[in-house]
Amino acid sequence: MKIINYLKSLLYFFIPLIFLLLILSILYYYDIIDNNIIKYFKIIIVLLSSFISGFKIGKLSLTKGYKRGIILGIIIITIFFLITLFTNNINWYSFIYYFIIIIVTTLGSILGINKPKNI
C-alpha cells in the first residue's frame, strides 16, 4: 500500500483533532465548559479523529482493512508516544489509552473497507 494513503489518513486525523481542540480551548477560555468536562471531551475528540482516519484508510484500501487500521493506529500512537516522552507523563493509563486508539482506528478501517467507495 502506498505511503501517500497513510499520509492522507493522518491528515484526516490531525485536521479534525486540531480544529476541535481549538474550539474546545476557546470554550474553556471563556468559561463556557468546566475543566472536569474538558478531559472527557479531549478523549472523545481523539477517539473520533482516530475513527475517521481509520475509516479513510479503510476506504483507500482494497483488502485487509484491519491490517491497515492497525498500522495507522501504531503510527498515531508512535507520534503520541514521542510527545509523551518529551512531557514526561508516561504511566499505565497512557498505554491503555494507546491500545484503545489502535482498536478504534482498526474498527474504523474495518467499517471503511466495507462501505461503498462513493461515500
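Bear in mind these aren't lab numbers, they're just calculated from the coordinates by the rules spelled out. Values in this document were obtained by computation on a predicted structure and should not be read as measured data. When we count neighbours, we look across all protein chains shown, and the Cβ atoms used for this are built from the backbone with ideal geometry, even at glycine.
Overview of results
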{"read-out": "Surface/4 estimate of mean projected area, convex hull on alpha-carbon atoms of the chain, nm²", "value": "8.0 nm²"}
{"read-out": "Ordering of 78-85, 48-55 by packing [mean C-beta count within 10 Å, highest first]", "value": "48-55, 78-85"}
{"read-out": "Calculated from backbone phi, Karplus (6.51, -1.76, 1.60) coupling profile of segment 66-75 in Hz, x at Gly/Pro", "value": "5, 5, 5, x, 5, 5, 5, x, 5, 4"}
{"read-out": "Fewest-first sequence of PHE41, PHE86 by Cβ atoms within 10 Å of each Cβ", "value": "PHE86, PHE41"}
{"read-out": "Lysine pair count for segment 3-114 [Cα-Cα under 29 Å; pairs on different chains or 8 or more apart]", "value": "13"}
{"read-out": "For the chain, size of Cβ-based charge dipole, Lys and Arg +1, Asp and Glu -1, in debye", "value": "740 debye"}
{"read-out": "Sorted by Cβ neighbour density within 10 Å, fewest at the top, the residues TYR93, TYR66, TYR12", "value": "TYR93, TYR66, TYR12"}
